[in-house]
Amino acid sequence: MTGTPVLAMSGISKRFGAVQALSDVSLEVNTGEVVALVGDNGAGKSTLIKVIAGVNPADNGEVRWEGRPVQIGKPSDATALGIATVYQDLALCDNLDVVANLFLGREVTRVGVLDEIAMERRSRELLTSLSVRLPSVRVPAAGLSGGQRQSVAIARSLLGEPKLVLLDEPTAALGVAQTAEVLDLIERLRGRGLGVLLISHQLADVRAVADRVVVLRLGRNAGVFDPDRTSQEEIVQAITGALDNAVTRRRARVEEGTATAPRSPDEDQPA
Amino acid sequence: MSTATTSPEPPAGDGIQSPGPSRLNPLAAARRRLRTGELGAWPVIIGLIVIWAVFQSLNDAFLTPQNLSNLALQIAATGTISVGVVLVLLLGEIDLSVGSVAGVGAAVLAVLTVRNGWGDVAAIIAVVVLGVLIGILHGSVFARLGVPAFVVTLAGNIGWQGLQLYLLSPEGTINLPYTGPIGDLTHTNLSTPLGWVVGAIAVGLYAVAVLVDSQRRRAAGLPIRKPVGSLLRVAGLAVLVAATVAVLNAWQGVPVALLIFVGLVVLVDLMLRRTRYGRGIFAVGGNVEAARRAGINVSLIRISVFALTSALAAFGGILTASRGFSASQSTGASDTLLIAIAAAVVGGVSLFGGRGSTYGALLGSLVLGSITSGMFLLQLNSAVRFMITAAVLLAAVILDSLSRRGRRASGRQ
Ligand SMILES: Nc1ncnc2c1ncn2[C@@H]1O[C@H](COP(=O)(O)OP(=O)(O)OP(=O)(O)O)[C@@H](O)[C@H]1O
Ligand SMILES: [Mg+2]
């Protein structure tokens, strides 16, 4: 963890009417690092992602990109910096094939005509480099499994050559094998030197891939953990706020010895 | 259709699995298509063959050069309108005004040329521009104000018909001259040799395109289709074109109107499949939200598609007027709208958006035109024709719904 982080945020606050969704939040992501963002429902994870993606700019706070202070006021600002966001759904057109989906909105043309060959070649190279397995790059997205769809959506974000990829609950709707597929893919993103910010409610997944775990609670930072040196219970305690005082911490350790990660269906697609 | 079968070199993408056995076995492939709902044009082609066989067995004047030539001319006008309907259907929308727009287009054409002395060509251009403007109006009310397309174009249906009646009053009908470009549009045939030349050029262009494509794919290290497959496709088209030209030449030659219609089908299809704009139309029809997030200007796509649809409808009105040498209060009225929409749907264009091609308009028009023509030969009246057309339409829509369900079930397990 040497050098300047690709993204460093501090003092980030965001208010929606009466709801203080984020207050004084700090976050750093380095290149080649997977940072997991965890927290209970309503903790402000998606709000923070939307701040970074430029969908809902922060009210105040400082954002540094590779050490420079920057303003992210709209989605195109984020894209221009090299930030790619993958939303869990609504990303693919079922009627279009994999190549068309990958290049949607940035098709390659030759004298005004779609260059299917160049797009297909780049698609195959990209998917191969990510070891994404598909029956064919010419099947419509409707024919893909949930894991394959998520993989295509993530691969698609890489076409813009980003430096930081934001994933909001990429495994929420997936089964065991498909989740493993996506987690492998996330590790490959790290291998390419990308920074990855991952939201997930599945602590087991988080511990499997993350280099650091950032906990949000009620819109505030509630600790940063190294998953290799922290037990799952400790992270759960940070999420639930049981660390607030020693008495609850002790009780929690006794009572929640078998606590499992809170789960929630993903309800927060950006409007 | 364009998936790999074999590759001379190892494919560039090792992560992409080589085609499984189901891809190599045509029967298994057909079953997979049936299950996943990717049926393509096969149901309508089979339907057309059945319809032709039935009518020919009932009356052997059906498959004669004269009858088939008439059929070709008959479908040109509504078929052109139907090409526009395909575009709105691809968006997952509907345009109920195309019949009235065709009618008002014919009326304006007649008023400009006969009453105001405009030149034919200038009037034709003016009517197509009018169609574009009408479509921009429909599309803007739909895309910018959020009024459902069905209601906007229903208002258009009534309103433009009103304008048509107003323009043609008090006579009700304006006759067009028998000579001049307007009449020639649907009353000119290519000479026998010219018909063959045009057919040969079409097949030649297709062959070159197939060849260039497979060479570029090979150069790019992508899997290519078996040469036999490419050869079969070119040969298939050659046989089809040769048979059509031979039949039409056996009567009065290839009608220019048919050439215009087929030309529009091919042109709009190329626009849909080979340009960013066309890709945008499919994306909006498939998943509006994904299209918007990919940076596609959804409103622009919607408005321009309605503009194209109305322009094609207006041009269909010109062809109708040309064929009858007149614009009347009934031009574009009665079943024009229904046949234009039904043809697209029978041709396999999905009502749910994002699936289909302009060739559906051609095939669907052929099916419905054949039913009309066959009924006429059997001297059955419109009553029976309507009922049979309804049955065919219903079958097509049921197939569309079933294949959609098939796709749902096979995807996203
Ligand atoms: N657009 C909005 N308008 C008003 N309030 C909002 C908006 N977006 C989020 N909030 C509020 O901000 C808080 C944080 O929400 P956020 O969606 O960031 O939580 P989350 O951590 O992603 O939760 P989950 O795990 O359920 O996805 C919640 O109280 C939520 O109601
Ligand atoms: Mg959320």
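Side notes on the structure shown:
- Options A:Gly32, A:Gly61; residue that is in contact with a Gly (Cβ under 6 Å, 6 or more places away or on another chain), more than 13 Å from ligand 2 (Cβ to nearest atom), of a type outside the set (Lys, Arg) and part of a strand (DSSP E or B): A:Gly61
- Residue in the stretch B:155-172 that is in contact (Cβ under 8 Å) with a residue 24 or more places away in the chain and not in a helix (DSSP H, G or I) present: yes
- Given (1) within 13 Å of ligand 1 (Cβ to nearest atom); (2) of a type in the set (Lys, Arg); (3) modelled with pLDDT of 90 or more, number of the condition A:Arg190 does not satisfy: (1)
- Condition check for A:Ala153: crowded, with 20+ Cβ neighbours inside 10 Å, at negative phi and within 7 Å of chain B (Cβ to nearest Cβ): no
- Residue check for A:Arg121: closer than 23 Å to A:Leu48 by Cα, at pLDDT 90 or above and open to solvent by 30 Å² or more (accessible area, probe 1.4 Å): no
- Residue within the stretch B:334-350 that is within 14 Å of another protein chain (Cβ to nearest Cβ) and not hydrophobic (A, V, I, L, M, F, W, C) present: yes
- Residues being more than 15 Å from ligand 2 (Cβ to nearest atom) and either within 14 Å of chain B (Cβ to nearest Cβ) or among the small types (Gly, Ala, Ser) (or both) - total across the stretch A:196-234: 6
- One residue from A:Gly160, A:Gly175, A:Gly146 being at the interface with another protein chain (Cβ under 7 Å from one of its Cβ atoms) and under 19 Å from the mean Cα position of the chain (by Cα): A:Gly146
- No other residue among A:Asn30, A:Asn95, A:Asn56, A:Asn41 is away from ligand 1 (no atom under 16 Å from the Cβ) and away from every other protein chain (no Cβ under 14 Å) apart from A:Asn30.
- Among the residues listed as A:Ile239, A:Ile199, the single one being closer than 20 Å to A:Asp168 by Cα, of a type in the set (A, V, I, L, M, F, W, C) and modelled with pLDDT under 90: A:Ile239
- Sub-7 Å Cβ pairs linking a first residue in the stretch A:56-81 that is within 25 Å of A:Gly3 (Cβ to Cβ) to a second residue that is open to solvent by 40 Å² or more (accessible area, probe 1.4 Å) and among the hydroxyl-bearing types (Ser, Thr, Tyr), at least 6 apart or interchain, are A:Gly61/A:Ser10; A:Glu62/A:Ser10; A:Glu66/A:Thr4; A:Gly67/A:Thr4, ordered by first then second residue.
- Residue within the stretch A:9-27 that is more than 14 Å from chain B (Cβ to nearest Cβ), more than 10 Å from ligand 1 (Cβ to nearest atom), more than 19 Å from A:Pro75 (Cβ to Cβ) and in a loop (DSSP other than H, G, I, E, B) present: no
- Some residue of the stretch B:289-304 being crowded, with 24+ Cβ neighbours inside 10 Å and at the interface with chain A (Cβ under 9 Å from one of its Cβ atoms): yes
The values are calculated or read from the model by the stated rules, or taken from the named source; none is laboratory data. Small disclaimer: the values here were computed from a predicted structure and weren't measured. Virtual Cβ from ideal backbone geometry, glycine too; neighbours counted across all protein chains shown. Accessible surface is based on the protein model in full, side chains and every heavy atom, while ligands, DNA and RNA are left aside. Shrake-Rupley method; radii C 1.70, N 1.55, O 1.52, S 1.80 Å.
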